[in-house]
Amino acid sequence: MLTDKYNRVHDYLRISLTDNCNLRCFYCMPEEDYAFTPVSRLMQAPEIEALAKIFVAQGVQKIRLTGGEPLVRKDAADIILRLAKLPVKLSMTTNGTRLHEFISVLETAKITTLNISLDTLVADKFMLITRRDLFKQVMANIELLINKGFQVKINVVVMKDYNDHEINDFIAWTKHAPIQVRFIEFMPFNGNRWTSNKMVSYADILHEVEKQYTIVTLLGDKNDTAKHFTVAGHTGTFAVISTMTSPFCDTCNRIRLTADGKLKNCLFSDGEADLLTPLRNGEDVLPLIQGNILSKAKQLGGQFTTALNTMEALAIHNRSMITIGG
Ligand code: SAM
Ligand code: SF4
């Protein structure tokens, strides 16, 4: 088992397939021109499979594919089908733009739950946030997936003056749609223009919903990062991921592998362990994995030491979100 010095067992691995993406969400990509990692420096399909097997042998039970956009990788289907053979629950976080091309692959891989990111229900605003005109495609794909019987979770990063006034439009969507809307507090990463006053807190999100609805609290699972709710009479549910104002580090079971094969023990960790180079050299990577997990900080990568309202994104030593894999 992959246990850290605070006795947290890590059985959930998130693998980034690429730092490339067909959208340009400003909160995820660095502001300056960004050069995507050349393919030769990315983990190749057999390397992803080999590393995943090592983690599974150490007790990993759940793998989530992410990125960048996992489905822009040319060999995405091959990777999904390789990982589907492992004894894990496999899932994916995607921007939804290419899902219609992957339905049969997802079905063959027995992926039943998908997290799809969508920050707005307004086409023009989608363009403003992502800088790409793909709103209709994402909406059509969400509908397609729901009709095909997939469990769909919608990830919404809530940002003041961008989409905070749409919180109750998303809640209204859950009235008839069997979806889970997950409101995510905006987090600071390298170059993403985060400021504390752009962040909408967990408390503010609930307050906004309460203006129109009576909220019912639902029970969550033990390692949940989300706090779960519904509105009486609604088919769907909603949740809040309160990383910034109410972190869930005590029960964290997550580790991340970046697309270039670096292990990160926390979304906000400063350090990382290169697994790809030693794997390519035929070395044993297990001691590196164990050492990296033992060095995991108690909370938020040990980096958030100042009050939220005085915090600056640039003071946090980290990659940009697109190069970590959210
Ligand atoms: N491209 C895929 C997508 O957009 O779903 C997967 C990668 S994306 C980095 C994973 C998740 O991280 C998305 O739900 C995205 O909204 C979220 N995310 C990115 N930057 C964020 C930030 N600064 N704060 C909070 N969530 C963020
Ligand atoms: Fe691409 Fe997802 Fe980042 Fe948006 S959030 S730029 S879709 S990786």
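We did not get these values from a lab; they are worked out from the coordinates using the rules stated. Model, not experiment: these values are computed from the prediction. With ideal geometry, Cβ positions are generated from the backbone for all residues, glycine too; neighbour counts draw on all protein chains shown.
Take each of the peptides 204-216, 231-243, 60-72, average the number of other beta-carbon atoms within 10 Å over its residues, and list them starting from the highest.
60-72, 231-243, 204-216
Rounded to a whole number, what is D in µm²/s for the chain from Stokes-Einstein with the Kirkwood radius over alpha-carbon pairs (4 °C, 1.567 mPa s)?
64 µm²/s
Who wins for biggest fluctuation among 230, 93, 37 in a Gaussian network model of the chain, springs between alpha carbons below 10 Å?
37
Arrange the following residues from fewest to most other Cβ atoms within 10 Å of their Cβ: 90, 288.
Values: 90 21, 288 16.
Listing 90, 288 from fewest to most nearby Cβ atoms yields 288, 90.
Among 257, 140, 87, whose Cα sits farthest toward the positive end of the charge dipole of the chain (+1 at Cβ of Lys/Arg, -1 at Cβ of Asp/Glu, about the Cα centre)?
87
Pairing the Cα long axis of helix 45-57 with the longest principal axis of the chain, what angle in degrees results, from 0 to 90 and rounded to the nearest 10?
90 degrees
Zone of residue 123 (label point 7 Å along Cα→Cβ, backbone N under 20 Å): which residues in the stretch 58-100?
What the label zone holds, given the 20 Å backbone N cut-off, is 96-100.
Name every cysteine in the chain that ends up alone, with no second cysteine's Cβ under 4.7 Å, or say none.
Flagged as lacking a Cys partner: 21, 249, 252, 266.
Based on alpha-carbon centroids, what's the gap between the stretch 111-166 and the stretch 211-226 in Å, whole number please?
Computed from Cα coordinates, the inter-centre distance equals 21 Å.
Taking the Cα centre of the chain as origin and charging only Cβ (+1 Lys, Arg; -1 Asp, Glu), how large is the dipole, in debye to the nearest 20?
640 debye
Can you give the convex hull volume of the alpha carbon atoms of the stretch 164-227 per residue, in Å³?
123 Å³
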